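Each remark here refers to the structure printed beneath this line.
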């Protein structure tokens, strides 16, 4: 199995700043448009799983937000009662398909970056939230399928992180 999604969280904790330990629960999940490997709809099961997980941050890949394929981003946001940041990697023929990051914390800034892609457009979703007056950078990534494509995309991701 090839891993084509990645989440990176940068959270700098200074012991002198925090009086107590801060733990975050993070879930990342490639939902495959709400379909399982047999192409059977599992969207409601995914929503239930995410609700029960009680995660602080949720990063999803292969999510739809369109009349043509369903308003998954909005459905998840309503059900989970979280803030959201969506970036469509694929916008074609009435289809918006890509990445979404949900957070229990208000979103302070957001950015969506396209990666060099061959077969299907891939991207990076950068979301910033403040937790206890500290900036949390969340980077939700969906990489390509081929090894060569992923190598190029990882280099682009590293360059983005350096900036």
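The values are calculated or read from the model by the stated rules, or taken from the named source; none is laboratory data. Here the structure is a predicted model, which means the values were calculated and not measured. No Cβ is skipped: glycine too gets one built from the backbone with ideal geometry, and neighbour counts run over all protein chains shown.
Please state which one of 41, 106 is at pLDDT below 90, surrounded by fewer than 16 Cβ atoms within 10 Å (Cβ to Cβ) and either closer than 27 Å to residue 134 by Cα or touching a helix residue (DSSP H, G or I) at 6+ places or on another chain (Cβ under 9 Å) (or both). It would help to see each step written out before you state the result.
Numbers: 106 fails: at pLDDT below 90.
41 is the lone residue from the list that is at pLDDT below 90, surrounded by fewer than 16 Cβ atoms within 10 Å (Cβ to Cβ) and either closer than 27 Å to residue 134 by Cα or touching a helix residue (DSSP H, G or I) at 6+ places or on another chain (Cβ under 9 Å) (or both).
Can you tell which of 98, 94, 34 is crowded, with 18+ Cβ neighbours inside 10 Å and at pLDDT below 90?
On the way: 98 fails: at pLDDT below 90; 94 fails: crowded, with 18+ Cβ neighbours inside 10 Å.
Among 98, 94, 34, only 34 is crowded, with 18+ Cβ neighbours inside 10 Å and at pLDDT below 90.
Could you say which residue among 72, 153, 61 is more than 22 Å from residue 50 (Cβ to Cβ), in contact (Cβ under 8 Å) with a residue 12 or more places away in the chain and buried (at least 16 other Cβ atoms within 10 Å of the Cβ)? First the steps, then the outcome.
On the way: 72 fails: more than 22 Å from residue 50 (Cβ to Cβ); 61 fails: more than 22 Å from residue 50 (Cβ to Cβ).
Answer to the selection: 153.
Screening residue 135 against (1) farther than 17 Å from residue 60 by Cα; (2) touching a strand residue (DSSP E or B) at 6+ places or on another chain (Cβ under 9 Å); (3) modelled with pLDDT of 95 or more leaves a single unmet condition, (3). For segment 74-94, residues that are within 24 Å of residue 156 (Cβ to Cβ) and either in contact with a strand residue (DSSP E or B) (Cβ under 6 Å, 6 or more places away or on another chain) or outside any strand (DSSP E or B) (or both) total 6. Put simply, of 114, 105 the only residue that is in contact with a strand residue (DSSP E or B) (Cβ under 6 Å, 6 or more places away or on another chain) and part of a loop (DSSP other than H, G, I, E, B) is 105.
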